[in-house]
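To keep things clear, I will list the structure first and then write my remarks on it.
The values are calculated or read from the model by the stated rules, or taken from the named source; none is laboratory data. Everything quoted here is computed from the prediction, not taken from an experiment. Cβ coordinates were reconstructed from backbone atoms using ideal geometry, including for glycine residues, and neighbour counts include every protein chain displayed.
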Amino acid sequence: MTEGDYRHLYVVMEHEEGKLIPVSLEMLGEARRLMDNFNKKYSSEEKVVAIVLGHNVRKICEELIHYGADDVIYADSPELEYVRNLTYTKVIGQIARDKDLARKVSEEYSKKFKKPRYMFFAADSVGRHLSSTVLVELESGLASDINKLVVDDIEVTHQHKTNGKATKYNKILEMYRPDFSGFLWTLILCLDNKNPSIEREYHPQACSIIPGVFEPLEYDASRKGEIIEYHPKLEPQDLKVKILSRNIVKSEIDFGRYKVIVSFGRGIKESPEENIKLIEELAKELDAAIGVSLPISKKPYSVTERIKSTYMIPDRVIGTSGRKVAPLLYVAVGISGAMQHIAGIKESDVVVAINPDENAPIKDECDVFIKGRMEDVIPKLIEELRRQQPKIRA
Ligand SMILES: Cc1cc2nc3c(=O)[nH]c(=O)nc-3n(C[C@H](O)[C@H](O)[C@H](O)COP(=O)(O)OP(=O)(O)OC[C@H]3O[C@@H](n4cnc5c(N)ncnc54)[C@H](O)[C@@H]3O)c2cc1C
């Protein structure tokens, strides 16, 4: 590999009904900050390139320049109107390898261009699937659900990658993800094999990014950039999955209608049935909707059929794998505060957590932390709410 083989940061955008979804602009904001630092540090001019697939998407492309992209590469076709993994994987793979496109992005860096240096996708239901298949197509690795990124030069000693020798790697994307409910950061690196017996390149260095983590840039109408059209080369076998009809299924749990949401997590474990009934009582006093953390939707405890089918369902999950909510008051009961859950409650006005563990990450994410077991705290809260109700109504 030479320095010129891999260039730029390509960011795969998502949009719905002609509008960019928030995580697209968040990824672009982080890409801009990362590449501005990169170019300063390495005295280079590598670019942030947004990729847009769809139908009638030209207007979206212009917006992306104002939100931080240097260039936008788009493919516009009725065949691309809705995401089909097979088709999208093929087109993004073509775009990532296309030398002619790379020349339009930057003449200077195009001579030896093989693939992008870095790639970002959204860690949502579309991006998680797409990132994995695109990276197979591009023969590299993928880190999923990332919430912190750093570019650095590092030294690595690894039995296989470096044959046990301390070896320098430059411009490595350090990809961090929260694990064990946010108690541990895992650092993921996508490194070339430099061991002579198994030498192999792994580029792009790619990841999917948790929605709600990074800040988008302010819209800046004076920002300039290139919009480049790409005409994909599709064959009948790339289009064999047909969309015959498409319905957006509205959830029956309408969190948006409620000013208060009470959610519960695995902290109910000591007596799940009784604790969920306590939560129902609290929610009734607060006129609140009830949400859950992801593990609860997997039905981890033995409870009655009514409780199971009402609460232990994906529709109630809050977070990156479920819903984003924005109530006036969010009460997190027995929830540790993993990054994936927090991403779903960021827009709440006030967050109250009930948890006996002062070291739980939720403590840093809430406005009021009530240290205690839900079994002890909730009855007191209910009692107090009942005492206060007549005064509030008066
Ligand atoms: C790709 C991916 C996507 C994910 N998406 C989501 C998502 O969308 N939403 C989501 O929620 N998670 C998601 N997760 C899972 C997430 O990482 C956490 O594992 C999960 O949120 C933890 O759930 P929890 O807080 O209920 O359980 P735990 O982490 O086990 O926390 C339970 C908490 O209860 C407290 N507790 C114990 N006893 C009591 C008591 N008596 N009273 C009160 N509190 C008590 C404990 O101190 C602890 O803090 C995702 C994970 C991955 C890998």
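With respect to the stated conditions, V11 is in contact with a Leu (Cβ under 9 Å, 6 or more places away or on another chain), within 20 Å of A206 (Cα to Cα), part of a strand (DSSP E or B) and assigned by TED's automatic domain parsing to the domain that holds A206. Residues considered: L278, L282, L234. Of these, the only one that is under 23 Å from K346 (Cβ atoms) and among the aliphatic types (A, V, I, L, M) is L282. Within segment 98-111, the set of residues being in contact with a helix residue (DSSP H, G or I) (Cβ under 9 Å, 6 or more places away or on another chain) and basic (K, R) comprises just one member, K111.
Test of understanding: among I342, I370, which residue is of a type outside the set (F, W, Y) and within 20 Å of the chain's Cα centre (by Cα)? Talk me through it step by step, then tell me what you get.
Numbers: I370 fails: within 20 Å of the chain's Cα centre (by Cα).
Result: I342 is the single residue among I342, I370 that is of a type outside the set (F, W, Y) and within 20 Å of the chain's Cα centre (by Cα).
In segment 315-327, the count of residues that are near the ligand (Cβ under 10 Å from one of its atoms), small (G, A, S), surrounded by fewer than 24 Cβ atoms within 10 Å (Cβ to Cβ) and under 25 Å from I382 (Cα atoms) is zero. Within segment 252-272, the set of residues being within 14 Å of the ligand (Cβ to nearest atom) and touching a Phe, Trp or Tyr at 6+ places or on another chain (Cβ under 9 Å) comprises I261, V262, S263, F264, R266, I268, K269, P272. Applying the criterion of being more than 21 Å from the chain's Cα centre (by Cα) and of a type outside the set (F, W, Y) to the residues of segment 328-339, the residue that is farthest from the ligand (Cβ to nearest atom) is L328.
Total residues in segment 361-382 satisfying the condition of being assigned to a helix (DSSP H, G or I), buried (at least 16 other Cβ atoms within 10 Å of the Cβ) and more than 9 Å from the ligand (Cβ to nearest atom): the figure is 3.
Does at least one position in segment 36-58 carry a residue that is hydroxyl-bearing (S, T, Y) and in contact (Cβ under 8 Å) with a residue 12 or more places away in the chain? Yes: one or more hits.
Restricting attention to segment 330-346, does a residue exist that is of a type in the set (S, T, Y), farther than 27 Å from A122 by Cα, out of contact with any Pro (no Cβ under 9 Å at 6 or more places or on another chain) and not in a loop (DSSP other than H, G, I, E, B)? Talk me through it step by step, then tell me what you get.
Step one: of segment 330-346, the residues of a type in the set (S, T, Y) are 330, 336.
Applying the additional criterion that residues be farther than 27 Å from A122 by Cα yields none.
For segment 330-346, residues of a type in the set (S, T, Y), farther than 27 Å from A122 by Cα, out of contact with any Pro (no Cβ under 9 Å at 6 or more places or on another chain) and not in a loop (DSSP other than H, G, I, E, B): absent.
Scanning segment 293-310 for any residue that is over 25 Å from A123 (Cα atoms), in contact with a strand residue (DSSP E or B) (Cβ under 7 Å, 6 or more places away or on another chain), surrounded by fewer than 19 Cβ atoms within 10 Å (Cβ to Cβ) and aliphatic (A, V, I, L, M) turns up nothing.
Restricting the search to segment 285-325, which residues are among the aliphatic types (A, V, I, L, M) and more than 29 Å from R387 (Cβ to Cβ)? I'd like the intermediate steps shown before the answer.
Let us first name the residues in segment 285-325 that are among the aliphatic types (A, V, I, L, M), namely 286, 288-290, 292, 294, 296, 303, 307, 312-313, 317-318, 325.
L294, I296, V303, M312, I313, V317, I318 - these are the residues of segment 285-325 that are among the aliphatic types (A, V, I, L, M) and more than 29 Å from R387 (Cβ to Cβ).
Go through (1) in contact (Cβ under 8 Å) with a residue 40 or more places away in the chain; (2) within 14 Å of the ligand (Cβ to nearest atom); (3) at negative phi and name the single condition E358 misses. Answer for E358: the failing condition is (1).
Screening S309, S302 for residues that are assigned to a loop (DSSP other than H, G, I, E, B), more than 14 Å from the ligand (Cβ to nearest atom) and not charged (D, E, K, R) leaves exactly one candidate, S302.
Taking segment 222-261 as the region of interest, how many residues are in a loop (DSSP other than H, G, I, E, B) and either out of contact with any Leu (no Cβ under 7 Å at 6 or more places or on another chain) or among the hydrophobic types (A, V, I, L, M, F, W, C) (or both)?
Of the residues in segment 222-261, the ones in a loop (DSSP other than H, G, I, E, B) are 222-225, 230-235, 240-254, 258-259.
Of the ones still in play, those that are also either out of contact with any Leu (no Cβ under 7 Å at 6 or more places or on another chain) or among the hydrophobic types (A, V, I, L, M, F, W, C) (or both) are 222-225, 231-235, 240-254, 258.
Counting residues in segment 222-261 that are in a loop (DSSP other than H, G, I, E, B) and either out of contact with any Leu (no Cβ under 7 Å at 6 or more places or on another chain) or among the hydrophobic types (A, V, I, L, M, F, W, C) (or both) gives 25.
Across segment 167-209, the number of residues qualifying as within 16 Å of the ligand (Cβ to nearest atom), closer than 25 Å to H129 by Cβ, among the hydrophobic types (A, V, I, L, M, F, W, C) and outside any strand (DSSP E or B) comes to 1.
Here Q388 meets each of (1) surrounded by fewer than 22 Cβ atoms within 10 Å (Cβ to Cβ); (2) within 29 Å of the chain's Cα centre (by Cα); (3) not in a strand (DSSP E or B) with one exception, condition (2). Screening V23 with (1) modelled with pLDDT under 95; (2) out of contact with any strand residue (DSSP E or B) (no Cβ under 9 Å at 6 or more places or on another chain) gives one miss only, at (2).
Per the listing E218, E285, E270, the residue uniquely among the acidic types (D, E), touching a residue at least 24 places away in the same chain (Cβ under 8 Å) and in a loop (DSSP other than H, G, I, E, B) is E270. Residues in segment 70-94 that are touching a helix residue (DSSP H, G or I) at 6+ places or on another chain (Cβ under 6 Å), surrounded by 21 or more Cβ atoms within 10 Å (Cβ to Cβ) and hydrophobic (A, V, I, L, M, F, W, C): V72, I73, A75, I92.
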